[in-house]
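J.: Encoded as C-alpha cells, here's the structure I'll be asking about.
The values are calculated or read from the model by the stated rules, or taken from the named source; none is laboratory data. Remember, predicted model here, so these are calculated numbers, not experimental data. Positions of Cβ are generated from backbone atoms using ideal geometry, with glycine treated the same way; all protein chains shown enter the neighbour counts.
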Amino acid sequence: MKTTTPKVMKWIPWLTVLILAGWLLSTFWQPPETGFHTRDFGKLPVLLNGRIQPFDSVARNSLLQIRTRQSLGEVTADQWLVELMMKPDAADKQPVFRIDNLELLNLLVLSEKDKYYSFNDLQPHAADIDKEAQRIDAVDPSSRSVFEQQLMKLFNATQVYQRLKLTLAPPDSKDLALELASYQKLIPDGVAAVRAKEAGQKYDGTTLNDFLGYLAAYDDMSKYALPLVLPPLQDAKTRDDWQNLGANLIGLSQGKDLNPAVKNYAAMVSAYQNNRPDEFNQALDEYSQWVGKWYPVETGKGVHEAFYNFFQAFYKAIVLYVLAFLLAVTALLTFAIAPRASETLRRTAFYLVLLTGLVHTFAIVFRMVLEGRPPVTNLYSSAIFIGWGCVVLGLILERVFAVGLGAAVASFAGFVTLVIAQNLAIDGDTMEMMRAVLDTNFWLATHVVVVTLGYASTFMAGFLAITYILLGLGTPLLEQKVGQIELGKVLTKMVYAIVCFATLFSFTGTVLGGIWADQSWGRFWGWDPKENGALLIVLWNAIILHARWGGLVRDRGIMCLAVFGNIVTSFSWFGVNMLGIGLHSYGFMEAAFKWLMLFIISQVAIIVLGLLPARFWKSFHAKKPAPNLAAVVPAKV
Amino acid sequence: MVLNPLIKFFGSLRLTVVCLALGMVLIFAGTMAEVHLGLYQSQNEFFRSFIVFWRPENSPWKIPVLPGGYLLGGVLLLNLVAAHSERFTFNRKKAGIWMAHTGLILLLLGQLLTDMLAHESTMHLRVGEARNYSESERAFELAVSDVTDPKATQVVAIPDRLLLKHGDLRTADLPFTVRVHTYYANSALTNQAAAGFQPAVAPDATGAGGLWLKAVPHETDDKLRDLPSGVVEIVTPQGSAGSWLVSSYLGTPQTFTWQNRKYELLLRPERFYRPYSLQLQEFKHDVYKGTDVPKNFSSRLVLNRPDTGEHRDVLIYMNNPLRYAGETFYQASFDTDDQGTILQVVHNPSWITPYLACLLVGAGLVVQFLTHLVPFLKRRRAA
C-alpha cells in the first residue's frame, strides 16, 4: 500500500528472524565436558517402560516426577542420576523432593520455606509416609483428599528414587569392581557351602555368610532396580530381553554367563566412587564403543533421544511464540495509527511464527521418528499437535488476509497448547508404549490425526471469534478498512472458513474412529464418552454453518457460537477423560479439572460480552444509529 | 395444497438447527448419565428411545424431558429429505451439499438398520476347548434337557423374556408344563435367611430348600452383568413333579426323573449354534518388557466345519478379527489366568453403510468448500 517504505523497515523483519534463527542454531552446540562425562553417560541406551531410552530420559522423567523440574539448578539431570546410582550417600543430601502441601510438611516436621527437600530430610519420618501410603492405597483415587494425593505422590517419588539407587550398585558399595571380583571368586566355594548345608554336611560358615550376603544384595537389585541396563546376550530370544545388573549377577552363581556390559558398568561405578574422572571416562568410552558396535539401533536411539531432550524444542518454541504474539498484537492495534510501523511489525511477527512453526514441526517429526509413531499417541502429544494445527491454519490465514490476525491467533494458540503440553508432561515419560488396542499406526495416523485437526480448527475458529469480540468491544478497529473490506468482515470470513474446515475434519475424524471401532471390535458406534465428545464437536460446527445459512444469526451471533465451540472442544478433549468410563478414559485428573472449569467460565464470560448490545461496542455503536437519526430528525422539526 | 406448510416446516433450516442443538443436549446428558447408569442402560434410555423420561426417586411419575435418539434421528432424516425435495435444485454449485447430505441420510439409515439387524454375542473358550455356539451377553434361557440317552440329548430352551412373564409355559416338545413361580432378571442368593431374601421354594413350600433369593436392581457397572434366578415347577398331567431353583449362579443343572426319563434344568446364557466349531489352541497375552502394559492379545484357533470338510488354523489378535460366514470374531477379552479367551461375535449386515456414508460426506464437504474457496482465492489474487 505504500511506495516509500524506507529500506531499513523492509529489512527489519528479515533481520529479526535471522538473529533468532542464529540463536536457535547456536543452542545446538554443547560445550565440551570437563570432569566426569555425565552427558555422554546420559546417552547410553537402557530399557524402561517397555521401550529403549537413554539414561538422560530416565533422569529427566524421574526428576520431573520427584522435583517437577528437569534439573536441579546448576546440577544437570544426568549428573544427579549418576550420583544417585553410584554414590547414593552424596545424592541423599540433594534437595530433590518437592513438597508444597502444608499438612504433609507438618507430618514430616519440615519447615515450609524450603519447597525442596533431600532424601535425608525425609528419612526420620519414612515410616509415617509408608504407613499413610498403605492406608491411602485402599482409598479410591478419585475420592482422595489433597493431602492424600500429595502424600501418594511423595510416596511414589521416594519409590522411584530408591529404585534408581539400586540400578548399578548394591547398597553400601564402596568399590564395585573390587566387590564383583571377590564375589566371582567366591562363587564356587559359596555354592559348595550352600549345597553342603542343605545336605547336612560340614561347611565353612564365613564363606556361606559372605556368599549369602552378596546374593541378598543382588536379589534386592534384581527385584527393584528401575531401568534394565544390560543389553540382551547374544543368545537371547528377543531384542528387548534386557536385564538388570542384579539378575545377571545372581544368574552367575547359577552357572549363567556374565553379561559383558557388567564389567564396564562396574568400572564406571568404581571410578566414580573413588573420584577418578579419567577412569570413568575411559570405561564409558569403551562401553559406548562396544554397545554402539553390537547394538547400533539402540545406541542410535539413545543418542538421538538425548539430543531431543537437550534441545528442548518445545520450550524454545514457547518463548518464540510469546514474542511473535506480542509483535502481532502490537501490529494489530497500531495499523490504523501507524500503518508503516504496523506493517513492519506484522511481517516480523509472521516470519517469526513461520520460524517457530518450523521448530515446532521439526520437534514433532523428530519425536515421530524416535517413537516410530504418528504424531498423536497420548494427551500430551495431542496438545502439541493441536497447537501445530492452529499454527498452520493461522499462517495460511495470515498469508491470505495479511492483517496480523492469523499470526496473532497462531502464536497465541501455539503458546497455550505447548504450555498445556508441558504441564501434561509432569507425570514422566511422554513416549510410553501404546496399549494393545491402540497399537496400530494406520488408525493412529488417520483417525487420531484427523480428529485432532478437527479440535485444532474448532479452537482456531473460537480464538478468532474471541479476537473479534475483544477488538469490537474495546476498539473501533473492526470498522477500519483493510484493503477494501473492514477488519470485522475479514474476521467473519476467517471464522466461517475455519468452521468449514472444522466440520470437515471433525466429521471425517469421528467417522474414521467409528470405522476403526468396527474393524477392531465390530461396533461402528458404541456411545463411548470420547466418541460422544467428538460427535458434539461435529454437531456444533454443523449448527454454526446451518444457523448462518438459515440467516438465524449474523456476524456477532456466529462469533458467540464459535466461542462456545471452544467449550465443546475442551469438554471433548479433556472433560470426557475425567468421567473415567469407556475405552478412552485415562483416569481422573484433578488439577486439569480445575483448569478446564476456569477455561469454560472464561469462555462463557466472553460469550456474555459478545451478546452485549451494539451500543456497548466501540466498533459499531457510532455507525448505524447516528446517520439515521441525523437524516430523520431534521425532517420532523 | 395442505401439505405445503408441512413440507415447509419439516424442510426448514430452523428445524435443522433445533434438532442438532437438541441432539447435543441429548448426547451431553447421555454421556453424563453413563457415569451412573453405565453405557448399556444409558444407551437404551437416551439413544435407543423416542422420549427420554425422568423418574423422580420414590415416585411413580415418568416425566418426559428430552426427545430420544430415535425421535431426533427420525426428524433429522425427514428434515433432510424435505429440505432437498423442497428447496434444493441440483446444480454444480450444490453438488457438494447433495453428496454430504445423501451421505448423512445413508449414515442415519445405516445405523437404524444396524440397530435392528446387527447381532452380537460372545464365545468363551478355555485352552483346548471347542465350541460350536456363542452366547448372548445379556439374555438367558432355561434349558430343559431330556438326558435319558446321553448320545441324543433333547433340549428345549425357553428364552428369559417368556420366563419374565411368569405363569405356565407349554410346548409340544415337552410332555409337561413349566410353571414359573418367580423369575428375577437380576438377583442375589444366600445360603442363610437374611433380610429381604425369600426362600427359594414354590409357594407351597416344595422344592430345594437351603437357599434364599431376592431381586436386585439392574447392574450399572459395565464390567458386570445381571444374574437372574427363579423358581420353576414342573407340572405333569399327573400333578406336580416338584419345584426347583434355577439360577445363573448355579453351575450345575437341577435334575429330576419323571416316567423313567431323566431331565435337567439349567438357566444359562442364551446360545446361538453354528454349523462349525472353533477350538482354542493357545491364548497369548504379551506385555511390554519390564511393565504390565499389554502389547498384544491373540488367540490361535482351529476352525472345523464338518459339512464342508473345512479344517484350518486361524489367528485372531487385536485389530485383526476373523471374518467367516458373514460373521466377525474379535479378540474382546480373556480369562485372568490367561488360559481362556473371550471372542466377540458380530453379525452386522449393514456394516458397509458407514464406510460409504463417510466417503460421501467427506468428499461432499471437500467439494463444497473447494467450490467456494477456489473462486475466493482467485478473486483475492486478482485484487
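J.: Here are some residues: B:Leu6, B:Leu15. Which one is over 29 Å from the mean Cα position of the chain (by Cα), within 14 Å of chain A (Cβ to nearest Cβ) and more than 25 Å from A:Gly575 (Cα to Cα)?
T.: B:Leu15
J.: Separate question: For B:Tyr288, work out the one condition from (1) under 22 Å from the mean Cα position of the chain (by Cα); (2) facing chain A (nearest Cβ under 10 Å) it doesn't fulfil.
T.: That leaves (1) as the condition not met.
J.: Do we have A:Leu122 as farther than 25 Å from A:Thr167 by Cα and touching a strand residue (DSSP E or B) at 6+ places or on another chain (Cβ under 9 Å) here?
T.: Judged against the criteria, A:Leu122 is not a match.
J.: Restricted to segment A:484-499, and to residues that are facing another protein chain (nearest Cβ under 9 Å) and surrounded by fewer than 21 Cβ atoms within 10 Å (Cβ to Cβ), which residue is nearest to A:Met559 (Cα to Cα)?
T.: A:Lys493
J.: Further, regarding this structure: Which one of these is outside any helix (DSSP H, G or I) and either more than 7 Å from chain B (Cβ to nearest Cβ) or crowded, with 24+ Cβ neighbours inside 10 Å (or both): A:Gly565, A:Gly533, A:Gly513, A:Gly551?
T.: Every option except A:Gly551 fails the conditions.
J.: Which one of A:Ala425, A:Ala383, A:Ala413 is farther than 26 Å from A:Gln480 by Cα, without any contact (Cβ under 8 Å) to a residue 60 or more places away in the chain and either assigned to a helix (DSSP H, G or I) or in the same structural domain as A:Val297 (by TED's automatic domain parsing) (or both)?
T.: A:Ala383
J.: For B:Tyr183, all conditions in the list (1) closer than 30 Å to B:His36 by Cα; (2) assigned to a loop (DSSP other than H, G, I, E, B); (3) touching a Pro at 6+ places or on another chain (Cβ under 9 Å) hold save one; what is the number of the exception?
T.: Tallying (1) closer than 30 Å to B:His36 by Cα; (2) assigned to a loop (DSSP other than H, G, I, E, B); (3) touching a Pro at 6+ places or on another chain (Cβ under 9 Å), B:Tyr183 fails exactly one: (2).
J.: Under 7 Å between Cβ atoms, at least 6 apart or on separate chains: pull out the pairs that start in segment A:212-229 with a residue that is within 20 Å of A:Leu47 (Cβ to Cβ) and end on any residue that is in a helix (DSSP H, G or I) and of a type in the set (Phe, Trp, Tyr).
T.: Every condition considered, the pairs that remain are A:Val229/A:Tyr265.
J.: Right, here's the next one. Look through A:Gly582, A:Gly587 and report the one residue that is assigned to a loop (DSSP other than H, G, I, E, B), modelled with pLDDT under 50 and over 19 Å from A:Asn423 (Cα atoms).
T.: A:Gly582
J.: Any idea which of A:Ala169, A:Ala196 is in a loop (DSSP other than H, G, I, E, B) and surrounded by 13 or more Cβ atoms within 10 Å (Cβ to Cβ)?
T.: Matching residue, one of A:Ala169, A:Ala196: A:Ala169.
J.: A:Phe574 passes all but one of (1) crowded, with 22+ Cβ neighbours inside 10 Å; (2) at pLDDT 85 or above; (3) more than 9 Å from every other protein chain (Cβ to nearest Cβ); which number fails?
T.: For A:Phe574, the failing item is (2).
J.: Could you go through segment B:203-226 and let me know if any residue there is part of a strand (DSSP E or B), more than 14 Å from chain A (Cβ to nearest Cβ), modelled with pLDDT under 90 and surrounded by 19 or more Cβ atoms within 10 Å (Cβ to Cβ).
T.: Yes - at least one qualifying residue is present in segment B:203-226.
J.: Now for a separate question. Search segment B:93-117 for residues being facing chain A (nearest Cβ under 9 Å) and of a type outside the set (S, T, N, Q), and hand back the single one that is farthest from A:Cys500 (Cα to Cα).
T.: Of everything passing the filter in segment B:93-117, B:Gly110 is farthest from A:Cys500 (Cα to Cα).
J.: Quick check on B:Glu57: is it part of a loop (DSSP other than H, G, I, E, B) and under 28 Å from B:Ala139 (Cα atoms)?
T.: It is true that B:Glu57 is part of a loop (DSSP other than H, G, I, E, B) and under 28 Å from B:Ala139 (Cα atoms).
Let's see how each residue does on (1) under 25 Å from the mean Cα position of the chain (by Cα); (2) more than 10 Å from chain A (Cβ to nearest Cβ); (3) loosely packed, with under 14 Cβ neighbours inside 10 Å; (4) at pLDDT 90 or above:
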{"site": "B:Asp292", "(1), (2), (3), (4)": "no, no, yes, no"}
{"site": "B:Arg300", "(1), (2), (3), (4)": "no, yes, no, yes"}
{"site": "B:Thr308", "(1), (2), (3), (4)": "no, yes, yes, yes"}
{"site": "B:Asn319", "(1), (2), (3), (4)": "yes, no, no, no"}
{"site": "B:Leu377", "(1), (2), (3), (4)": "no, no, yes, no"}
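J.: Consider segment A:483-510. How many of its residues are closer than 25 Å to A:Gly610 by Cα and part of a helix (DSSP H, G or I)?
T.: Selection size over segment A:483-510: 17.
J.: I want to confirm something. Restricting to segment B:326-354 and keeping residues that are in contact with a His (Cβ under 9 Å, 6 or more places away or on another chain) and of a type in the set (A, V, I, L, M), which single residue is nearest to the other protein chains (Cβ to nearest Cβ)?
T.: B:Val346
J.: Can you tell me which of (1) surrounded by fewer than 16 Cβ atoms within 10 Å (Cβ to Cβ); (2) more than 22 Å from B:Val361 (Cα to Cα) is the one B:Val81 doesn't meet?
T.: Condition not satisfied by B:Val81: (2).
J.: Does B:Tyr70 satisfy the condition of being closer than 19 Å to A:Gly526 by Cβ, assigned to a helix (DSSP H, G or I), modelled with pLDDT under 85 and in contact with a Lys or Arg (Cβ under 9 Å, 6 or more places away or on another chain)?
T.: no
J.: Counting only residues that are of a type outside the set (D, E, K, R), in a loop (DSSP other than H, G, I, E, B) and touching a residue at least 12 places away in the same chain (Cβ under 8 Å), how many does segment A:235-257 have?
T.: Here the count works out to 2.
J.: Only one of B:Pro175, B:Pro150 is part of a loop (DSSP other than H, G, I, E, B), under 29 Å from B:Gly340 (Cβ atoms) and not assigned by TED's automatic domain parsing to the domain that holds B:Ser298. Can you tell me which?
T.: Unique residue meeting the criteria: B:Pro150.
J.: Among (1) farther than 26 Å from A:Tyr496 by Cβ; (2) crowded, with 20+ Cβ neighbours inside 10 Å; (3) within 9 Å of chain B (Cβ to nearest Cβ), which single condition is A:Gln519 missing?
T.: (2)
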